[in-house]
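Have a look at the structure below, then the notes.
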Amino acid sequence: MKRTALLFAVVSVFGVFALADESHHHEDLTAEQLGTVHFPVSCTASSQRALGRGVALLHSFWYEEAEKEFVEIAKDDPACAMAHWGVAMSLWHQLWDRPNAATIKRSMAELKKAQSLHPATDRERDYITALRAFYQNKGDHDKRAKAYSQAMEGVYQRYADDREAAAFYALSLLASEPDGDTTFVNRKKAAAVLETLFKEEPNHPGVAHYLIHSYDKPQLAELGLPAARSYAKIAPAAPHALHMPSHIFARLGLWQDDIDSNLASIAATRKTAAMHMGGEGHQFHAMDFLVYAYLQSGREADAQRVIEEVKALPPMKDMYGEGYDPHAYALSKFPALYALELHHWTAAAALTPAPGADSGDKAITYWARAIGAARSGNVAEARLDIAELESIRQNMLKKKKSSWAQVVEDAQKEAAAWVAHAEGKDEEAVKALHAVAEAEESTGDEPEDIPAREMLADLLLETKHPDQALAEYETDLKFNPNRFNGLYGAASAAEMAGKNEKAGTYYAQLVKVCAGSNSDRPELGRAKALLARN
């Protein structure tokens, strides 16, 4: 189930970290570590390099270190208005966060301070005014995000040579994308701006980064491969820059690239955390992608090792919102995914909510439990777990978290479909899974999960409809290429339908995807045995 949901001097910010004072490690990032940023401001010459570095940190979503940078600039250069703009920018994590009242109040104070310093240029004043459109605008978050994007569009149009304005405008389009959008209009608009910039600024961290986000949909992912191949080289010191290419690699089923990307990101996160730099919680997002990629490429022992490693880590609060603990999310998601991917239905049904899990984390556990119980034939237990999901959904609706409530509702539908199948109501089950699959694909949900269409194909295969099952597997593999169970399912369905040549092709593809693994999964053993026989 999905939970899961930017100078007159040039700052070219890879090299070796210097071990300076613990509170100033972001200052030790050298010229090749964060990417190239041009951000002219009217602050003192000594502030120019630091402010450019802060903007580069923003572009790689290293918000914790960006905030420190801008706070220091404000102390060292009290007349630098853009330092206060930078603090306010650091406090809004545009693609995943909805700032609470305290954050909004602090940010508005920073922006008022910025304006009271009477910035020397129209451009600086326009940047500050645009950000105020988000923080001071009345109404819900989505309206405020749209107001900021509209204001940044004006900045972008007024300053045609300002590539930072273009990059931040593109990010604002992504941040103001409507929930459940199936047209990808904002993404395509952002990508059009960014593709032009990418030719002009191939070493700009925000351009490559935001292109990856723009194309982070199965329908668009192939277009994001050049940016994905570039970003980690542009900003090799930023943990998020090392992880972000894996969004495209996962979409395209490039599992070794995905694995390499996230191992590098986790190592970088731990290195910088040991130096008392912020963002330690980022590693759990990278681990999410890592576990998924291991499971798709026959490296179950490696996936299990990550799970055991997470169990040994302490709880922590992180960037994803006030009070949110990514450690609890990992303890909920990873064992659930492991059990379901390996078809360990009894193990899935026996899962328990992780310590510190919030309602969304618990929903993952109850979803896995319900499917595991239903596929083990324990309908009564499955119904109890579905009831728990309904309770969570109702609570989310009361808190006006409608998008999260929809995620939980889809999880209920998937689990209920397997209950219906266990009760012999296969037509009802097929209809339910087909509806979830269509909705899931239309919005291009995150890939680190079990696709609903693959579940539908599994059900059709179990009910001895191999031709229909094959068609569904093949449709799913277009959206989720090189998934282990998708490839094996397609091969099995083709074999059952008497399409032996096609079956052999899918078995061979599965073996290739798992090349070098030591997997003892019976599916992989059977694929190898059948290929050896032919």
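Things worth noting here:
- The chain, helix-only ellipticity at 222 nm - DSSP H runs n ≥ 4, -39,500 (n - 2.57), divided by all residues, nearest 500: -21500 deg cm²/dmol
- The range 214-288-the range 92-143 distance, computed between alpha-carbon centres (Å): 29 Å
- Cysteines without a disulfide-compatible neighbour (Cβ-Cβ under 4.7 Å), the chain: Cys514
- Loop-resident sites, the range 438-492, for trypsin sites (Lys or Arg not before Pro), counting at most 13 other Cβ within 10 Å (DSSP): Lys464
- Per-residue Cβ neighbour rank within 10 angstrom, fewest leading, Leu433, Leu477, Leu220: Leu220, Leu477, Leu433
- Cβ-based exposure ranking for Ser172, Ser376, in which fewest neighbours within 10 Å come first: Ser376, Ser172
- Low-density loop positions, chymotrypsin sites (Phe, Trp or Tyr not before Pro), the range 44-152 - DSSP coil, at most 14 other Cβ in 10 Å: Trp96
- Cα-based convex hull volume of the chain per residue, rounded to whole Å³: 140 Å³
- Sparse packing (at most 12 other Cβ atoms within 10 Å of the Cβ) combined with a DSSP loop state is found for the following GluC sites (Glu not before Pro) in the range 271-352: Glu322.
- The lysines within cross-link reach of Lys75, meaning a Cα-to-Cα straight distance under 24 Å and a gap of 8 or more places when in the same chain, are Lys105, Lys112, Lys113.
- Estimated FRET transfer efficiency when R0 is 51 angstrom, pair Arg125-Thr352 (beta carbons, to 0.05): 0.40
- Structure note, pairs Lys478/Lys502; Lys233/Lys333; Lys217/Lys478; Lys188/Lys217: Cα-Cα distances above 19 angstrom occur for Lys233/Lys333.
- Cα-based radius of gyration for the range 328-473, normalised by 2.2 N^0.38 Å, reads 0.99.
- Look at Asp288, Asp162, Asp142 and count the other Cβ atoms within 10 Å of each Cβ; fewest to most, that gives Asp142, Asp162, Asp288.
Since every read-out is calculated from the coordinates, none of them should be taken as a lab result. Everything quoted here is computed from the prediction, not taken from an experiment. Neighbour counts run over all protein chains shown; Cβ positions are idealised from the backbone, glycine included.
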